[in-house]
Amino acid sequence: MNYFPTPFQTRRAFLGRVSHGVGAVALASLLEKSSSLHAASARPAARGVVYPLPLPQKAKRVIWLTMAGGPSQFETFDPKPKLAELHGEAMPESLTRGQQLAQLQGQRLVCHAPQFPFAKFGKNQTEICSLFPHIGSVVDDICIIRSMTTDAINHDPAHMFMNTGSQIAGRPSMGAWVNYGLGSEAENLPGFVVMVSTGPGRSPQPIATRQWSSGFLPSRFQGVQLNGRGDAVHYLTNPGRVSRAQQGADVQAITALNRQHDAFVHDPEIATRIAQYEMAFQMQASVPELTDLRGEDARTLALYGCTPGDGSFAANCLLARRLAERGVRFIQLYHRDWDHHSLLKEELPLRAKEVDQACAALLTDLKQRGMLDDTLVVWTGEFGRTPMSQGNKGTVGRDHHNKSMSMWLAGGGVQRGRVYGATDELGYAAMENICTVHDLHATMLHQLGIRPDAFTVKFQGLDAKLTGVEGGGVIEGILA
Amino acid sequence: MTSWLSRAFSVARFVRSGKAALFSVARFVRSGTAASSARRPSLLSRAGLLGVASLVIAVSSSRAEDTFFAQRVAPIFEEKCVACHGEKKQKGKLRLDSFAQLMRGGEGGGVVKAGAPKASELFIRVTMDPTDEEFMPADSKPPLTPDEVKVLEVWIAAGASETALLSSIKGAPALAAPQGPTVALAPDWHPRALQIAQLEKTLGLRLVPRSHVPTDGLVLRTASSPGRCDDAALAQLASVADLIVEAELARTQITDAGLTAIAAFANLRALDLTRTAVTSAGVGKLVVLKKLESINLTSTAVDDAGVAPLRSVASLKNVWTFDTKVSPPGPR
C-alpha cells in the first residue's frame, strides 16, 4: 500500500502521472492515519480511509436511480394546479428575468399546464402524477423532495454536478468517494457498479463513462459498468480450451511482473492494475452467479415485471438488489430518454411505465427482505424542466431548468411518507426548504456514517471534497 | 524553537508570578503566533487516527473527585483527545492524560495560558474553523460540543487550576442527564484491538467498529466473502463475543450449530441470517439474547415453530420472515 512516488521514477513517468501522484500522496497520508489497527489486518484494501466511522451508519449501501435527460417535475412529483390555470399565458417576467435557459433563450415564455392529472396516494394522501401508480402504492415509504435545485442546465455538466459536486469533468464521482472512504465490502465484485438502460424507440443522449470516473482518486475506485443485455461483462468466459486454472496462472504471472515493476517505479496505477486483474479474475466466477436469475422465483420476476436478461430498467433493478445482497456498496442505474423538449405528452408516459413498477418493486423487495432500513435508495434526474412550454422542436415539451426539480429518497434512515420543500405556485423556483446538490451529497454521506465537511483529499493544493468549496448542509428535516 | 520555548516558559512563569505586563504578554502572543505557523505539522506527521490506547486518567485521590478539573475537564480530554494525546500516542509530543502532562505542553510549548482561554493553544485549536488543518480533534473525529468548549473556556478563564473545587468555578453548562446521550452498547473494544485484528486475519471476517464511540460495539461483517464464514469461524469469536452488536451473516455457511456461538453475543442487537441453513431447531437458542432488536430470517427453513420462542425476547422489534414457511405476517 505504498503509493509514494520514488526517486526511481523517471521524470517523464512522474510528470505523466503527476495528477495521480498528487492524489496518491494524499491517499498515503490518509491511509497512514488509520493504519495503526489495520496494518495487521488480512485485507487492508477492504478498509476505507474513514475508519472508524465518525457516525454509526444508517445506510450501508446506496442504490441511485438516475433518470437521465431530466424528468419534468410537473409530470412526476410536483402538482401545480395554478400552472394549469395559466396555461398558454405569458410567464410572469418577474420570475424569469435573468434566468439562463438552454433552448428557450430569447423566446416568448408561455405557461404550460401539467399534461397529466395528479392523484392522492397512501395514508398521507400524497399527491403525485397518476402516471406512477406503483410508486404511489409505496409512497408512504418514500420521502419526496420538491425543492431540489442544481447549478447546471445542460446534460453532461448537470450529470457531472450530480455525480461529482462539480460541473467540470475530472472530479471523482460519488460512488468512487464512498468506496474510497468506506472501502469495498465485496471481494469478488467491484464496490461501485453502474448499469444503463434505455427504453425502445428514440436515441437519447449518451451517458459518458466519465460520469463514474474516480477522478483524482486511484482508479480502482471507479465505477464498473455491467451490461444489462447479453454478457454482463464482455469476454467474461475463457476462450475454448483455457481452463480456470490456466487463467488463474496467467493472472498470477502478470501480477508477479506488475509487482516487480511496481517495486521499481512505485506507481499507484500499477497497484490499481494489479487489483483490477485480480478483480476481473474473481468476476469471471462471481458475475455469472450474480446474473443467473434462475434462483429468483416467479413471484419476484412478476413483482419487477421483467424478463431476465432483457436489459430493461426493471431487470437492472432486480440486479441492483442482487448486487446489494452481495456487498456492493454503491449501485447506480441510469435510465435514459427523459429529455422531453418535444413529444412530452407522447414520450413521458412511456418512460414512466418503464420505471414505475420497477422502482416500486425494488422498494418492496428490499423492504420484505429487511434490507430497506439500511439501503439508501435515491431517485433523481440531472435537472428539472421549465414550467414554460417549448415548441421550437416540433410538438410541445419543456426545456431544461435548474431552479426547481423533484426527487425522492427511501430507506437508509430517511423519513417515510414525507414531502419536503416546495416550489412557488408555478413551480418555477424552489421556495421552501431549498436544497442543493451539495446538500444531497452531504446528506447521503452523513447517512453512510461520514462527516461530509471533514471528508477531504488534498488535490491541487486544496482540500477537495465531494460537497465542494461551498460545502453542503445535511438535510436534517428529512432524517428519521 | 528551543529559544522560543524557554522564552515562553519564562514569560509563563512571569505571568504566574502575578507581575504580568501588557508588553510582555503581547510579545508572548506574537511569538506564539509565529511559532505556531512555523511548527505547522505536515499532513503526514499529524497522522494517526485510531487510538488503540486504553484511556485512563488518574483521578484516584478522593480530593480529586471534587475538583472542577477532575469532574468536568478531564472527562472531555479522555473522550475526545487522549486517543492521540495520551499514554500510547503523543501527537505533537502532547499528552492530556493528566494535569501535569497538560501543563507540560507539547512540542510547541505550553497549551494552556491560565486566565486567557483565547490565548491558549488548547482552546484555539478546538474552536477554530473545523475545516482548518490545525483544528482538533483532527481527522474527522467528533469535535467538542459547544458545552465542552464552554467548560474549557470557564476553567481556563478561572485560572486553569488542578485543585479548584467544582463549586468554585461558575458559568459551566450543567452536566447532561445521568444516562447521557450515548448509551454504551458494548464494552470499549480498544483494549482488544490487536486480538480483533488477529481474528480478522485468521478468519477472513471483518469486525468493524460501528463508530468512533468506543462503546458503540463492533459489526461482524461477512459480505466480503460469506463462503468463509462457518460454524467453526463463529466459535472462534468467543473472546470478542460481548463486543459484537450487529452480525451480518447472510449467505454464510453457518448452521444451527453456529447459533450456539451467536447465543453468546450478549450485546447483539441485529442479526441477519438471510439464506443460511439455520432451522427452527436452532433459532430457539437465541432467546437468551436480551438486547436483540431485529432478526432477519429471510429465505431460511425456519417456520412458525421456530419463531414462536422469539416472542419471549422483549427487546425484539423486527422479525423478517420473507420467503420462509412462517405464516404471514410474521410477528412484528
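Just so you know, all these numbers are worked out from the coordinates, no wet-lab data involved. On a predicted model such as this, the values are computed, not experimentally measured, just so you know. Every residue, glycine as well, gets a Cβ built from its backbone with ideal geometry; the counts of neighbours run over all protein chains shown.
Relative to the dominant Cα principal axis of chain A, helix A:268-291 is inclined by about 60°. Partners of A:K58 within straight-line reach, counting lysines whose Cα lies under 16 Å from its Cα and excluding those fewer than 8 residues away in the same chain: A:K367.
Once the Kirkwood radius over Cα pairs is known for chain A, the Stokes-Einstein relation at 25 °C and 0.890 mPa s delivers a diffusion coefficient of 105 µm²/s.
Computed from the C-beta positions of A:A263 and B:K201 and an R0 of 30 Å, the FRET efficiency is 0.80 to the nearest 0.05.
Suppose a student asked you for the relative contact order of the range A:89-210, using Cα pairs under 8 Å spaced at least 6 residues apart; what percent would you report?
Here the relative contact order equals 12 percent.
Estimated from helices alone, the mean residue ellipticity of chain A at 222 nm is -10500 deg cm²/dmol (sum of -39500 (n - 2.57) over DSSP H runs with n ≥ 4, per residue). Semi-axes of the equivalent ellipsoid for the range A:255-412, computed as √(5λ) from the eigenvalues of its C-alpha gyration tensor and ordered from largest down, come to 37, 24, 15 Å.
Regarding the range B:51-173, what whole-number volume in Å³ per residue does the convex hull of its Cα atoms give? Walk me through the intermediate numbers first.
Working: hull volume 11.6 nm³, N = 123.
With only Cα atoms used, the range B:51-173 gives 94 Å³ per residue.
Counting only DSSP beta bridges with both residues in the range B:190-320, the antiparallel share comes to about 25 percent. The alpha-carbon of A:K403 sits under 28 angstrom from the alpha-carbons of these lysines, leaving out residues fewer than 8 places away in its chain: A:K80, A:K82, A:K120, A:K345, A:K353, A:K393, A:K465. Computing FRET efficiency as 1/(1 + (r/R0)^6) for B:A301 and A:S94, where r is the C-beta to C-beta distance and R0 is 51 Å, gives about 0.15. Site pair A:E432 and A:R244 shows an inter-label distance of 5.8 nm when each label is modelled 7 Å from Cα along Cα→Cβ. Listed by chain and number, the lysines whose C-alpha is less than 23 Å from the C-alpha of A:K458, apart from same-chain residues fewer than 8 away, are A:K33, B:K91, B:K141.
Couplings for the range B:274-290, taken from phi via the Karplus curve 6.51 cos²θ - 1.76 cosθ + 1.60 with θ = phi - 60°, read 3, 6, 10, 8, 5, 10, 4, 4, x, 4, x, 5, 7, 5, 6, 7, 6 Hz in order; Gly and Pro are left as x.
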